[in-house]
Amino acid sequence: MIRFEQVTKRYPDGTTAVEDLSFEVAEGELVTLVGPSGCGKTTTMKMVNRLIDPTSGRILLGGEDIAAADPVELRRRIGYVIQQVGLFPHKTVLENTATVPQLIGTPRAAARARAAELLELVGLDPSVYGGRYPEELSGGQRQRVGVARALAADPPVLLMDEPFGAVDPVVRERLQNEFLTLQKTVRKTILLVTHDLEEAIRLGDRIAVYGTGTIEQFARPAAVLGSPATPYVASFVGADRGLKRLAVTTVGAADLTPADGTAPPASVRLGATLREALAALLQEDSGRIGVTDPDTGELAGVLTPQDVHRALRRAELQEA
Ligand SMILES: Nc1ncnc2c1ncn2[C@@H]1O[C@H](COP(=O)(O)OP(=O)(O)OP(=O)(O)O)[C@@H](O)[C@H]1O
């Protein structure tokens with residue numbers, strides 16, 4: 001869906017922001033770009049909606065070279081969410097969300113109805129928040145309006161630059177989870193820039209780990225954590241990468257110990273992450289928790305610390 005072919009960007013002062021970048025984002029995939037400040041993430045993203053043009057190489061969107069596209073028309077197909085959100089201060093939440101549909105000629109009533117639907121979708125009741133102005137919202141609520149507004153024109157592609165950067169860690173994690181649920185419904189093709197590895201791991205179907213101006217590894221989160229491609233990636237993901245793997249490994253039926261009749265009081269569902277399972281286990285004096293099948297609601301088995309250990313090992317072998 002988005003394809004970079006040997007893209008280099010050199011700024012007029014001679015700074016090479018990215019060099020010989022080639023990668024592809026599949027339709028409906030969420031790729032996170034992660035790396036230290038100044039490594040070229042934002043430059044990469046802004047080349048997709050032509051806020052910046054590459055010095056050489058080309059970028060294809062749905063097979064079409066974007067260099068030949070009209071930038072204004074191109075940006076209609078690409079939603080853009082930035083950290084500062086950039087809501088219009090003198091417009092209400094509903095008006096902010098309806099801006100793009102109205103710009104592209106959707107009749108006012110239909111645009112507002114669509115905006116209300118989207119606010120609902122991002123967890124803001126339009127009857128409560130629709131009439132407010134941005135300054136009357138919390139940071140997290142503003143962030144949600146930014147996401148709703150970017151989705152309003154139903155663009156197939158979303159670019160998100162540190163979209164959850166401006167809120168505290170607790171709100172941030174909640175927004176990330178909500179966003180993942182939302183993405184399951186809307187299935188946009190997304191490039192998301194972050195400097196936060198945890199966020200990249202939690203959100204990305206695949207992660208591009210940036211060195212300086214180049215991608216050092218482009219792979220699924222578990223593979224980046226399990227088999228870092230270079231010493232640089234290994235040091236970037238850190239010595240605690242084993243712990244981080246807990247967040248990307250899920251509890252499968254094969255990991256469980258058969259239940260012996262008595263259901264432990266605490267439980268998680270099949271498909272929960274090992275991190276969630278471990279958190280539940282640590283709360284539980286008996287050293288075991290139940291695991292339920294989310295489809296039937298029935299107990300599928302129990303999980304012990306040994307099972308968690310085995311599940312981690314299994315995941316490691318699968319990635320190797
Ligand atoms: N307009 C510009 N002119 C010259 N150099 C620039 C320009 N914009 C960015 N750069 C440089 O290009 C490099 C990449 O910048 P970019 O903004 O893409 O990095 P980033 O990874 O997004 O960083 P951050 O996480 O700090 O936003 C940096 O060295 C930056 O100083």
Legend entry - Residue satisfying all of: in the range 189-212; surrounded by fewer than 21 Cβ atoms within 10 Å (Cβ to Cβ) and in a loop (DSSP other than H, G, I, E, B); farthest from the ligand (Cβ to nearest atom) among these: Asp205
Legend entry - Residue list for the range 276-316, filter: touching a helix residue (DSSP H, G or I) at 6+ places or on another chain (Cβ under 8 Å) and of a type in the set (A, V, I, L, M, F, W, C): Ala277, Leu278, Leu281, Ile289, Val291, Ala300, Leu303, Val308, Ala311, Leu312, Ala315
Inset, instruction - Kindly list, by first and then second residue, each pair from a residue in the range 38-65 that is without any contact (Cβ under 8 Å) to a residue 24 or more places away in the chain to a residue that is more than 16 Å from the ligand (Cβ to nearest atom), limited to pairs with Cβ atoms under 6 Å and residues at least 6 apart or on different chains. - result: Asp65/Arg58
Legend entry - Meets criteria (within 30 Å of Arg132 (Cβ to Cβ) and in a loop (DSSP other than H, G, I, E, B)) for Gly86: yes
Legend entry - Residue check for Val93: buried (at least 19 other Cβ atoms within 10 Å of the Cβ) and not basic (Lys, Arg): yes
Legend entry - Residues satisfying the stated conditions in the range 112-161, i.e. over 20 Å from the mean Cα position of the chain (by Cα), assigned to a helix (DSSP H, G or I), surrounded by fewer than 22 Cβ atoms within 10 Å (Cβ to Cβ) and hydrophobic (A, V, I, L, M, F, W, C): Ala113, Ala116, Val128
Inset, instruction - Inspect all residues belonging to the range 225-246 and state whether any of them is under 30 Å from Asp154 (Cβ atoms) and either within 16 Å of the ligand (Cβ to nearest atom) or surrounded by 19 or more Cβ atoms within 10 Å (Cβ to Cβ) (or both). - result: no
Inset, instruction - Sort out which residues of the range 272-320 are in a loop (DSSP other than H, G, I, E, B), surrounded by 13 or more Cβ atoms within 10 Å (Cβ to Cβ), within 28 Å of the chain's Cα centre (by Cα) and free of Cβ contacts under 8 Å to residues at least 24 places away in the same chain, and write them in order of number. - result: Ala272
Inset, instruction - Being closer than 30 Å to Thr214 by Cα and either outside any loop (DSSP other than H, G, I, E, B) or of a type in the set (Lys, Arg) (or both) is the filter here, so list the residues in the range 232-271 that pass it. - result: Tyr232, Val233, Ala234, Ser235, Phe236, Val237, Arg241, Gly242, Leu243, Lys244, Arg245
Inset, instruction - Mind listing whichever residues of the range 97-111 are among the small types (Gly, Ala, Ser) and outside any helix (DSSP H, G or I)? - result: Gly105
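Residue-wise test of (1) basic (Lys, Arg); (2) at pLDDT below 85.
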position: Glu199; (1), (2): no, no
position: Gly204; (1), (2): no, no
position: Val209; (1), (2): no, no
position: Arg220; (1), (2): yes, no
position: Asp260; (1), (2): no, yes
position: Ala266; (1), (2): no, no
Legend entry - Count - residues of the range 29-48 that are surrounded by fewer than 19 Cβ atoms within 10 Å (Cβ to Cβ), more than 6 Å from the ligand (Cβ to nearest atom) and not basic (Lys, Arg): 2
Legend entry - Residue list for the range 12-28, restricted to those being within 9 Å of the ligand (Cβ to nearest atom), out of contact with any strand residue (DSSP E or B) (no Cβ under 6 Å at 6 or more places or on another chain) and at negative phi: Pro12, Asp13, Thr15
Inset, instruction - Could you list, in sequence order, all residues of the range 160-188 that are away from the ligand (no atom under 16 Å from the Cβ), within 18 Å of Gly139 (Cβ to Cβ) and either free of Cβ contacts under 8 Å to residues at least 40 places away in the same chain or of a type in the set (A, V, I, L, M, F, W, C) (or both)? - result: Val167, Asp168, Pro169, Val170, Val171, Arg172, Glu173, Arg174, Leu175, Gln176, Asn177, Phe179
Legend entry - Filter result (of a type in the set (A, V, I, L, M, F, W, C) and surrounded by fewer than 16 Cβ atoms within 10 Å (Cβ to Cβ)) within the range 8-28: Ala26
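The values are calculated or read from the model by the stated rules, or taken from the named source; none is laboratory data. Nothing here was measured: the structure is a model prediction, and the numbers come from that model. Glycine gets a Cβ as well: all are built from the backbone with ideal geometry, and neighbour counts include every protein chain shown.
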